[in-house]
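Every number here is computed from the coordinates shown, using simple stated rules; none is lab data. Values in this document were obtained by computation on a predicted structure and should not be read as measured data. Reconstructed Cβ throughout: ideal geometry from the backbone, glycine too, with neighbour counts over all protein chains shown.
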Amino acid sequence: MQAALDLADSGFYVYLVEKSSSIGGRMSQLDKTFPTNDCSMCIMSPKLVECGRNLNIEILTLSEVESITGEEGNFHVRVIQHPRYIDMDKCIACGTCAEKCPRRVPDEYNANLINRKAAYIQYPQAVPLKYLIDAENCIYFEKGKCRACEKFCPADAVDFDQKEREITIDVGSVILAPGFQPYNPYLNDTYQYNRFPNVVTSLEFERILSASGPYQGHLLRPSDKKEPQKIAWIQCVGSRNIHIGDRGYCSGVCCTYAIKESMVAKEHSAIPLDAAIFYIDIRTYGKDFELFYNRARDDMGVRFIKSRINTILPGDEEGNLRIRYTDEAGRIIDEEFDMIVLSVGLDIEKPTIDLAHRLDVDLNQYNFVSTGSFTPVKTSRPGIFVCGVLQGPKDIPETVTQASGAAAVASGILSNSRYTLSKEKEYPKEIDVTGQEPRIGVFVCHCGTNIGSVVDVPEVTRHASTLPNVIVAEDNLFTCSEDTQVKIKERIREHKLNRVVVASCSARTHEPLFQDTIREAGLNPYLFSIANIRDQDSWVHQSDKEGATEKAKDLVRMAVANAAELSALYRTKLPMTKRALIIGGGIAGMTAALNIVEQGFEVVLVEIEKELGGFAKRIHKTLQGDDIQKYLADLIEKVRKNEKIEVLTETIVVDFSGTKGNFKTALTVGPAMYHREIKHGAVIIAIGALEYRPKEYLYGESDAVNTQTELEDILSRDVQGVKEWQNVVMIQCVGSRNKENPNCSRVCCQQAIKNAISLKEINPDINVFILYRDIRTYGFAEDFYRKARQMGVHFSRYREGEDPTVKQIEGSLEVSFKDITLGMEIKIRPDRLILSTGVVAGETEELSRMLKVPLTSDLFFLEAHVKLRPVDTQSDGIFVCGMAHSPKRIEESISQALAASARACTLLSQDSIEVGGVVAKVNPDLCAACLICVRACPYEVPFINADGVSEIDISKCHGCGVCAAECPAKAITLLHFEDTQILAQIDALMEAG
């Protein structure tokens with residue numbers, strides 16, 4: 001969906017081919033998403049609706065690609081579309097066909113935990129929201145009789161005569177994104193999945209937790225529908241195991257989703273829940289994932305037990321299960337649980353493998369698409385690209401990022417045909433509500449169980465119906481779903497509503513969706529008010545349901561009072577500056593620059609150092625052995641030779657102003673420090689990060705202590721010297737996963753294993769000891785961890801707080817550590833001590849201040865939304881990629897750089913940009929020209945005009961309201977947040993007292 005939206009928003013026509021009856025994929029089956037524990041459907045619904053509404057995305061459901069002929073830029077795609085047996089143009093999604101259907105079959109969407117009908121939709125928020133008939137299970141197709149669905153359908157939409165049809169599509173490029181299937185533990189029943197009903201997979205547990213699942217979000221075990229008091233999670237089921245087929249890879253997501261499920265289960269449970277996770281290594285390597293892990297362990301009491309479970313036995317009580325395991329001290333322990341969740345890995349299903357073979361796309365040994373270290377979205381066939389799990393195991397933010405990256409490369413091929421086939425959306429004539437009495441519709445959301453499990457939503461809806469000017473009040477399971485958007489438009493027309501209030505989640509993520517909905521019904525988009533009864537209520541008052549319900553009433557009452565005072569606002573179009581500014585000339589910055597110019601736009605590339613290349617200049621090869629320096633040299637040459645890229649080295653940003661589409665940046669350039677001003681429409685931050693400089697382990701005091709980066713340099717230039725070494729000790733997590741830098745630096749484990757393998761290749765007899773807390777070789781990097789062990793590299797684990805000690809004795813080093821497995825103190829005299837140092841943010845604070853882009857607690861740039869907008873920032877038109885965002889491998893930096901360029905080009909491809917709406921306005925009759933607004937504005941927008949009064953340029957105003965708050969004469973008003981609107985909300989709040 002993300003790739004389709006980015007392409008459509010960049011001026012291309014997109015065919016979205018989906019094998020199932022609706023789009024959404026596996027994410028639609030999840031209850032929550034890590035690390036924020038946001039409702040999965042709340043995050044995804046706006047994307048579903050956006051895809052369904054977009055005129056430039058043609059969705060072909062129940063469809064499969066049979067073949068692709070032709071070449072890059074001119075492909076002929078043959079698609080087979082299977083019959084739905086429902087006329088989509090006639091279906092009104094009333095559900096009568098499912099209600100009347102007598103056949104019940106296992107519901108795959110709900111992991112077969114309950115049954116569905118043969119006439120069904122996958123899930124309530126499905127797009128397209130059209131029913132289908134399952135021919136394999138339909139009584140009519142089996143026996144030639146029944147047809148109850150046809151008899152009772154009020155829209156005459158059932159069509160048993162539909163046939164399979166073949167469609168041929170001519171396209172310029174292709175993106176493969178068919179996703180994955182969870183590993184099926186039935187294939188190797190080590191954990192008695194086939195025998196015990198209370199042994200469930202992680203996906204089955206997601207459906208158990210979900211409000212739209214088989215138990216309506218109540219935590220119940222399948223065998224007897226009792227609430228479990230004790231649940232175990234078993235990690236690495238179907239991953240990191242070469243003995244159950246080719247599954248030697250780490251699936252990357254299982255540790256974090258098990259942590260998420262344990263936390264959510266504890267929140268769902270009406271009684272204190274004992275949650276235990278049995279693991280080999282905890283791999284919380286993503287941005288802020290380590291903080292998520294720490295919160296589960298330290299704040300929520302989730303138990304983490306390092307042990308690989310071999311089998312499961314029946315428990316003493318009916319339905320219970322017993323695990324026998326060996327703890328780190330070597331003790332054998334028997335423990336009984338009410339329920340066991342298998343954290344299953346990610347597989348590529350056979351139809352996808354067959355598709356790849358038909359398309360002549362190479363796969364790796366695990367049947368994922370084979371890509372290069374420096375070409376992460378390119379397949380072996382030119383013009384066909386890949387994203388998501390098919391390219392390799394990854395989580396949702398990485399998948400969304402790579403989808404945008406694939407769209408960027410596909411756009412490069414198609415750039416000359418931009419806007420040749422695309423269509424422009426037309427809205428109905430706007431209804432003039434001037435002078436009309438407010439007629440308000442209120443729509444209260446259950447948000448699955450996010451709101452509904454805490455707030456009494458029907459009671460809040462009843463309260464809303466009693467409020468002044470409220471004509472209709474309704475509650476919905478998910479207000480952001482496509483069917484509810486249709487319902488809102490129907491209610492506007494039916495009741496002649498001229499204001500709409502939605503009580504749901506955050507305006508930050510959902511307001512644009514609802515504004516577009518009411519605009520489609522003829523209302524001005526600013527005649528909308530949102531009451532955030534999730535983030536500001538149900539999430540923070542889970543233990544006080546009565547109080548949360550009363551607060552929800554207050555918030556709704558305030559939103560209704562605000563809505564009654566709203567007036568229509570309008571935006572103005574300004575021309576787009578079709579140039580991008582990229583700050584940072586490392587691999588990420590240069591990759592983004594080359595893609596943007598390939599799409600037809602100019603780039604100014606700014607680098608603070610004398611040379612391009614960034615930190616990559618210090619790294620010689622990838623884990624796979626690819627030559628980084630050769631790739632880097634080629635990349636620099638391409639950038640230097642490209643006439644559309646202006647490279648400015650030894651340059652710093654000194655000032656920044658404007659809004660998306662029309663930014664202005666002041667630079668100090670070169671040794672002479674001359675001043676330059678650049679006008680541009682988008683910004684990409686790619687300033688990289690820094691290697692932590694150790695203050696511990698005698699670094700800087702002994703020549704025998706080096707970082708991994710320094711070791712890599714030694715390995716490249718002094719092989720003979722390395723051959724003389726007999727013992728090398730590597731210490732992991734130096735400068736990471738501690739109080740000062742609590743996050744994981746992601747790359748250190750793989751860098752250590754890469755260098756350890758190199759040492760063994762140079763001298764097979766050398767002793768290499770890696771002292772670690774968790775080895776985090778996610779994805780296919782697990783193969784190299786296994787290779788290192790096979791080569792004789794020694795891995796010894798130390799606990800947090802029991803760090804190794806290093807001292808110098810008689811001119812040599814001595815490293816002491818407690819080996820957990822042996823239970824004893826070990827001392828080694830190494831020839832070299834290598835520190836696996838963490839990654840820390842560069843000088844981000846001043847740039848953050850100028851660009852108004854917030855930082856994380858560890859000073860990396862913060863994305864707008866971890867799932868929805870992983871490379872956008874909260875400042876529109878400014879994007880982030882590479883190590884400036886968070887630590888990552890080169891391959892991942894390239895994917896993210898391409899994603900940032902795709903997002904920037906959705907902006908640059910437009911001829912104009914809309915500004916205004918929520919902006920500040922000056923009443924010149926009240927202005928005293930006191931200059932307070934001029935000094936207070938963080939964007940430096942207000943100025944004193946020729947008439948001697950303050951003026952605010954709406955093209956630059958960000959609508960923050962600082963000037964309005966500061967003005968002593970009340971001469972400035974922030975539109976949409978006027979005094980009458982704010983006072984109405986305060987009065988409404990006071991009514992409760």
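Sorted from largest to smallest, which semi-axis lengths in Å does the alpha carbon gyration tensor of segment 691-839 give for its equivalent ellipsoid, taking the root of 5 times each eigenvalue? List each step's numbers first, then the result.
Values: eigenvalues 79, 72, 53 Å².
Equivalent ellipsoid of segment 691-839: 20, 19, 16 Å, largest first.
Using Cα-Cα distances under 8 Å and only pairs 6 or more residues apart, what relative contact order does segment 222-355 have, in percent? Mind dumping the intermediate values first?
Numbers: 218 pairs, mean separation 42.0, N = 134.
With pairs under 8 Å counted, the relative contact order is 31 percent.
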Please give the peptides 658-664, 229-235 ranked by average Cβ packing (other Cβ atoms within 10 Å per residue), highest first, as a rough proxy for protection. 229-235, 658-664
So what is log10(I(q)/I(0)) for segment 919-974 at q = 0.26, 0.30 1/Å, when the Debye sum runs over its Cα atoms only? -1.02, -1.42
Nearest-0.05 FRET efficiency for E424 and Q726 at R0 = 60 Å, using Cβ-Cβ distance, is 0.25
Could you order the peptides 922-929, 492-499 from most to least packed, using the average number of other C-beta atoms within 10 Å per residue? 492-499, 922-929
Hey, which lysines would be in cross-link range of K553, C-alpha to C-alpha under 20 Å, not counting anything within fewer than 8 residues on its own chain? K545
Given H placed 1.01 Å from N in the peptide plane, which residues other than close sequence neighbours of L113 have an amide H under 5 Å from its amide H? D107
Grab the beta carbon distance between E459 and D535, set R0 = 25 Å, and tell me the FRET efficiency rounded to 0.05. 0.80
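Run lengths n ≥ 4 of DSSP H only: what is the helix-derived mean residue ellipticity at 222 nm for the chain, with -39500 (n - 2.57) per run over all residues, to the nearest 500?
Working: 25 runs with 264 residues, N = 993.
Counting only the DSSP helices, I get -8000 deg cm²/dmol.
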Farthest positive-ward along the chain dipole, Cα basis, beta-carbon charges - from Y692, I139, P942: I139
In nanometres, the difference between 0.36 nm per residue of separation and the alpha-carbon distance of I944 and S812 is 40.4 nm
Between D544 and K630, what length comes free when the chain is fully extended (0.36 nm per residue of separation minus the Cα-Cα distance, one decimal in nm)? 24.9 nm
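Using Cα pairs closer than 8 Å and at least 6 residues apart in sequence, work out the relative contact order for the chain, in percent.
11 percent
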Please list, by residue number, every one of the GluC sites (Glu not before Pro) in segment 331-429 that is coil in DSSP and has at most 11 other beta-carbon atoms within 10 Å. E424, E426
From the phi angles alone, apply the Karplus equation (6.51, -1.76, 1.60; θ = phi - 60°) to segment 839-845 and give each ³J(HN,Hα) in whole Hz, x where the residue is Gly or Pro. 10, 10, 5, x, 7, 9, 5
L931/R571 FRET efficiency (R0 30 Å; Cβ-Cβ; nearest 0.05): 0.55
What distance in nm separates the simple spin-label points at E991 and L60, each placed 7 Å from Cα in the Cβ direction? 5.4 nm
Treat every Asp and Glu Cβ in the chain as -1 and every Lys and Arg Cβ as +1, leave all other atoms uncharged, and give the resulting dipole magnitude about the Cα centre to the nearest 20 debye. 940 debye
In nm, what is the difference between 0.36 nm times the number of residues separating N310 and I242 and their Cα-Cα distance? 23.0 nm
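Find the eigenvalues of the gyration tensor of the Cα atoms of segment 181-347, then list the square roots of 5 times those eigenvalues as equivalent ellipsoid semi-axes, largest first, in whole angstrom.
Details: eigenvalues 88, 75, 60 Å².
The three semi-axes for segment 181-347 are 21, 19, 17 Å.
Can you pick out the pairs among K47/K970; K32/K956; K47/K287 whose Cα atoms lie more than 32 Å from each other?
Among K47/K970; K32/K956; K47/K287, the Cα-Cα distance tops 32 Å for K47/K970; K32/K956.
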Kindly write out, for segment 513-528 in residue order, the coupling ³J(HN,Hα) from the Karplus curve 6.51 cos²θ - 1.76 cosθ + 1.60 (θ = phi - 60°), rounded to whole Hz, with x marking Gly and Pro. 4, 5, 5, 5, 4, 6, 5, 5, 8, x, 8, 5, x, 8, 8, 9
Give me log10 I(q)/I(0) at q = 0.10, 0.13 Å⁻¹ for segment 394-544, Debye formula, one equal scatterer per alpha-carbon, no solvent. -0.48, -0.72
Non-local amide H neighbours of V237 (under 5 Å, H modeled in plane, Pro and chain starts lacking H): which ones? S343, G345
Label point distance in nm, S67-F160, each placed 7 Å from Cα along Cα→Cβ: 3.4 nm
Virtual spin-label span in nm between C94 and S702, 7 Å along Cα→Cβ: 8.1 nm
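Please compute the alpha carbon radius of gyration of segment 329-484, then divide it by the globular-protein estimate 2.2 N^0.38 Å. Two decimals is fine.
Values: Rg = 26.0 Å, N = 156, 2.2 N^0.38 = 15.0 Å.
Its radius of gyration relative to the 2.2 N^0.38 Å reference: 1.73.
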Just one of (i) 10, 30, 29, 20, 10, 1; (ii) 12, 36, 32, 15, 5, 1, 0; (iii) 12, 41, 37, 10, 0 is P(r) over Cα pairs in 20 Å bins from 0, in percent as worked out from the coordinates here. Which one is it? (iii)
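Can you give the relative contact order of segment 655-753 as a percent, counting alpha carbon pairs under 8 Å and 6+ residues apart? Spell out each step's value before the answer.
On the way: 67 pairs, mean separation 14.0, N = 99.
Here the relative contact order equals 14 percent.
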Do the alpha carbons of any pairs in K573/K638; K425/K573; K394/K641; K266/K787; K130/K489; K760/K807 sit beyond 28 Å of each other, and which pairs? K573/K638; K394/K641; K266/K787
